[in-house]
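Undergrad: Questions regarding the structure given below will be posed in turn.
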Amino acid sequence: MTATLLPQAPAAERTGPARTFSAVLALALLEGRRLLLSPPVLAALAACTAWTVWRTPGVEDGHPALQDVDRATQGGPLLVALAVMLSVNHAVLRSKYRDTERHFSVLALGPGARTAAHALSLLPVALVTAVGVLAHFGYAALLPDAVGHGSPAELAVGPLTVLLFGAFGVLLARVVRSVAAAPIALVLLFLLFVAGALPVGDDERGTRWLLPIVSEPGPVIFPSDLLGHPAAWHALYLAGLTLVLGTLAVVRAGARGPLALGGLAVAVALAVTGGVLQTGTLPADVRAARERATLTPEKVQSCVRHTGTTYCAYPEWIPRTDRWAQVVDRIREASGVTASDPALVVRQRIDARFGPAADTDPEATGTPHQVTVGTSWGGNRVPEFAADVAGVLVAGDETKAGRICDGRAVTVMWLALSALPDPVGSLRDVRLDDSDTGSALVLSQTEPHSMTEAQTEVVRDLLDRPRAQVATRVKAHWTELTAPGITAAEAAGLLGAPKPQGDDKCED
């Protein structure tokens, strides 16, 4: 028996840092493509896109404030983030449930490098999310009546949330080597962040900012300089926390060199810095600015004139004065107001002292010939503003207009609604109970006023008549129609409408 001598195998070459990085990048690109095309992520992206396309055209009735739109881009990516967490966890555990882990021992990349590749694989789906966020915001920004300013830090929250949840999925796979851990974590995170099971308090700052997404739905749109959001610190906090989770996953996988440990220390520093600074108290200068904008808005507003009426608004809303002027001009044209009468002043007013989440309307002002307009527009806000303008033209100021309880309400409501595209529909929109018969409260930018059943009958009849015909009678009998104490029946007679049959007594 003869022995065959085989040539000695060459010594294995040590893989250098450059080759390791290239291999990690190649694996990250491969896993990134697989992650992006995984069924949960594709379904989440499709659902997020469909939801955004369906809702965005109607955001704020087509008159968006961009400082609210940037925050509206944060909710959709949360669904994508949960899907990414589930899918990347499954990808990291793939070698375990396919029983291929033992084959990796012959590869140049160790567990730490492979874990780093999985963490880097999150970048493509985060980039796709960022494109969707920019498309959402860009559509709103290009609307002709958009106002305000968006925040890049607020826009970054959606993509950062995807990275954060993905990094958590990678870490979870290295800590709990079970495919059941991610679905359980998915349910818990959904309950905490989506279903609102986690108490966060009502303060503007504090621990609520430790959540990935801080939602502040409020009825009042604030000027961007009054929001006081620590958006930049929050973005830093999310980025730092993402790096902490990703680096911990790499360390847990066995990479405990100076680079990994140093990166972990830097990531912790970033997360702590952002977390601490974002939870601090609301700055005093923001509180002072809110107080000033509420109590003395004339000190911070700019004013323009349109056809004899002065419009004063917070600087971001100056482009919208044209919309207000269209409503005011139509009402003045149909009224008996003459050029010698005092000019109206339309002033934007909000009560910003209690923060964006407070449902607080500004009080009616007794300043003669001044009309309040809010920061929202479109939808019901248009007939509400029109009723306020007509009320001030008839009564002289907002306080008196809110106390109208006689037949002057007929003139006010006809002036407010007759020039709108759907007068009867607008009548329903502006009434508290959405009715067009009977008595009801009429909504306002400040304080509501009442309409009796008889007044409603007369207004409904007048809205069905040609506007020019009624306007001629309004101008001819302006003094009588605006006299305190006139009844609905007397107003009907002056305007050529049938005598109402309903009750004409105001409710207390």
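The values are calculated or read from the model by the stated rules, or taken from the named source; none is laboratory data. Given the structure is predicted, the values throughout are model-derived calculations rather than measurements. FYI the Cβ positions are ideal-geometry reconstructions off the backbone, even for glycines, and counts take in every protein chain you see. Each accessible area value is taken on the protein alone, full model and side chains, heavy atoms only, with ligands, DNA and RNA left out. Shrake-Rupley method; radii C 1.70, N 1.55, O 1.52, S 1.80 Å.
Undergrad: Show me the ranking of peptides 142-152, 225-235 by mean Cβ neighbours inside 10 Å, starting with the highest. List each step's numbers first, then the result.
TA: Working: 142-152: 15.8, 225-235: 20.6.
Going from most to least packed, we get 225-235, 142-152.
Undergrad: Still on this model: Between D61 and A232, with labels modelled 7 Å along Cα→Cβ, what's the label distance in nm to one decimal, could you check?
TA: Spacing of the two 7 Å Cα→Cβ label points: 3.5 nm.
Undergrad: Using only the alpha carbons of the chain, what is the convex hull's orientation-averaged projected area in square nanometres?
TA: Numbers: hull surface 125.5 nm².
The directionally averaged projection comes out at 31.4 nm².
Undergrad: Pop a pseudo-label 7 angstrom from the Cα along the beta-carbon direction at both A50 and A288 and give the gap in nm to one decimal.
TA: The answer from the label model is 5.2 nm.
Undergrad: Taking the Cα-to-Cβ direction at D422 and at R256 and moving 7 Å from each Cα, how far apart do the two end points lie in nm?
TA: Here the answer is 6.9 nm between the modelled labels.
Undergrad: Any idea what angle helix 467-476 forms with the longest principal axis of the chain, computed on alpha-carbon atoms, 0 to 90 degrees, nearest 10?
TA: Once rounded, the angle reads 50 degrees.
Undergrad: Using a 1.4 Å probe, what is the accessible area per residue for the chain, in Å²? Display every interim value, and only then the final one.
TA: Details: 24070 Å² over 508 residues.
Per-residue accessible area for the chain comes out at 47 Å².
Undergrad: While we're here: Run the helix sum for the chain: -39,500 (n - 2.57) per DSSP H stretch of 4+ residues, divided by residue count, reported at 222 nm to the nearest 500 deg cm²/dmol.
TA: -16500 deg cm²/dmol
Undergrad: Ranked highest first by average number of other Cβ atoms within 10 Å, how do 174-180, 256-262, 373-379 line up? Write out the running numbers ahead of the final one.
TA: Values: 174-180: 13.9, 256-262: 12.1, 373-379: 20.3.
Ranked by mean Cβ neighbours within 10 Å, highest first: 373-379, 174-180, 256-262.
Undergrad: Could I ask something else about it? Once the piece of chain linking D433 and N380 is laid out straight, how much longer is it, given 0.36 nm per residue of separation minus the C-alpha distance between them? Kindly include the intermediate steps, with their values, before the conclusion.
TA: On the way: separation 53, 0.36 × 53 = 19.08 nm, distance 1.31 nm.
Computed gain between D433 and N380 is 17.8 nm.
Undergrad: Cα centroid distance between region 261-297 and region 402-462, in Å?
TA: 46
Undergrad: Taking 0.36 nm per intervening residue step and subtracting the Cα-Cα distance, what contour gain separates T281 from S340 on full extension?
TA: Values: separation 59, 0.36 × 59 = 21.24 nm, distance 5.18 nm.
Fully extending the segment from T281 to S340 adds 16.1 nm.
Undergrad: Give me log10 I(q)/I(0) at q = 0.15, 0.18 Å⁻¹ for region 413-494, Debye formula, one equal scatterer per alpha-carbon, no solvent.
TA: For the requested q values the scattering log ratios are -0.53, -0.77.
Undergrad: Just the ratio, please: alpha-carbon radius of gyration of region 207-334 over 2.2 N^0.38 Å, N its number of residues.
TA: On the way: Rg = 23.6 Å, N = 128, 2.2 N^0.38 = 13.9 Å.
Normalised Cα radius of gyration, region 207-334: 1.70.
Undergrad: Projecting each Cα onto the charge dipole of the chain (Lys/Arg +1, Asp/Glu -1 at the beta carbon, about the Cα centre), which of H118, V162, G254 comes out farthest on the positive side?
TA: G254
Undergrad: Can you send over the carbon and sulfur percentage of the accessible area for the chain, probe radius 1.4 Å, protein chains only?
TA: Numbers: 14860 of 24070 Å².
Carbon and sulfur: 62 percent of the exposed surface of the chain.
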